[in-house]
1. Which distance in nm do the two modelled labels at F162 and I52 give, with both placed 7 Å along the Cα-to-Cβ direction?
2. When N is the residue count of the range 78-173, what does its C-alpha Rg come to as a fraction of 2.2 N^0.38 Å?
3. Could you give me the radius of gyration and the Dmax of the chain, taking only the C-alpha atoms into account and expressing both in angstrom?
4. Please report Rg over Rh for the range 82-130, where both radii come from the alpha carbon positions and Rh follows the Kirkwood definition.
5. What FRET efficiency comes out for the pair N66/L212, r = Cβ-Cβ distance, R0 = 41 Å, nearest 0.05?
6. Just check the range 181-224 against the gyration tensor rule for me: Cα atoms, a ≥ b ≥ c as the square roots of the eigenvalues, rounded for a/c under 1.5, and otherwise prolate or oblate depending on whether a/b exceeds b/c.
7. When averaged across all projection directions, what area in nm² does the alpha-carbon convex hull of the range 29-93 cover?
8. Show E84, E169 ordered by accessible area, largest first, where the area counts protein heavy atoms only and the probe is 1.4 Å.
Amino acid sequence: MNSLVPLILAIIPTIFLVRYFYLKDINKPEPIRLIIKIFIMGILCTIPIVFIEVMMMGIIEPFTSNIIIYSFLQAFIVAGLCEETIKLMIIRFFIYNNKHFDEIMDGIVYTIVASLGFACLENIMYVSDGGVAVALIRSITAVPLHAFCSGIMGYYIGKAKFSKTNSKEYIQKGLFYAVCIHGFYNFVLFVGGIYSFIIIPILIISYKKLKLYIDMAIKEDLKSNV
């Protein structure tokens with residue numbers, strides 16, 4: 001029974017955040033079956049991400065002698081760029097053209113759900129080694145971080161969906177922001193020491209920024225539906 005506790009603690013934060021952000025979609029909530037589908041796709045995307053990241057870790061291995069350069073490449077390229085790009089691809093290929101993706105807010109919701117599917121399995125892998133303590137720490141740090149930076153990207157994916165001229169620019173902008181936030185968070189942790197505490201303002205600022213984008217998306221959707 002005790003062995004199940006870390007597993008449960010690894011899963012609960014992702015389910016809580018899926019529900020939290022799903023309920024933010026007050027105009028036209030998405031079908032539950034699609035939320036489940038994208039969450040599962042997020043879980044499954046962990047597999048190719050692991051293979052890609054292992055391969056890229058080998059590529060940056062020559063830089064291990066310089067902790068700053070190595071940490072930067074590992075944080076922004078191996079983790080940030082790889083993970084956020086795969087999340088973007090999930091949305092682009094599996095839900096972007098769905099008839100239910102009919103609001104800017106949907107971009108935020110679906111991207112967050114995909115990111116939390118990934119975070120769920122990633123959390124389970126970390127917790128299987130670290131136990132309850134790791135589960136509790138990640139529940140208020142790494143798991144929300146995935147939701148926040150991907151949700152910000154999701155706003156721009158939603159904007160791209162309904163833009164007639166700037167769709168590519170919106171997607172690129174969203175990916176850039178997500179990679180920067182994700183990468184900076186990881187970089188701080190990889191460098192370690194007293195700098196680790198910087199993750200707290202990163203999380204707070206990212207959440208406030210996402211909240212602003214959610215409010216903007218809801219207002220824009222209401223305006224377009226009038």
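The values are calculated or read from the model by the stated rules, or taken from the named source; none is laboratory data. These figures come from a predicted structure and were not determined experimentally. Glycine also receives a Cβ, built like all others from the backbone with ideal geometry; neighbour counts cover every protein chain displayed. For the accessible areas, the whole protein counts, side chains as well, though only heavy atoms, and no ligand, DNA or RNA atoms are used. Shrake-Rupley method; radii C 1.70, N 1.55, O 1.52, S 1.80 Å.
1. Taking the two extended label points, one gets 2.9 nm.
2. 1.18
3. In order Rg, Dmax, the Cα atoms of the chain give 17.3, 59 Å.
4. Working: Rg = 12.9 Å, Rh = 11.8 Å.
Rounded to two decimals, Rg/Rh equals 1.10.
5. About 0.65, to the nearest 0.05.
6. prolate
7. Values: hull surface 20.5 nm².
Projected over every direction and averaged, the Cα hull of the range 29-93 covers 5.1 nm².
8. E169, E84
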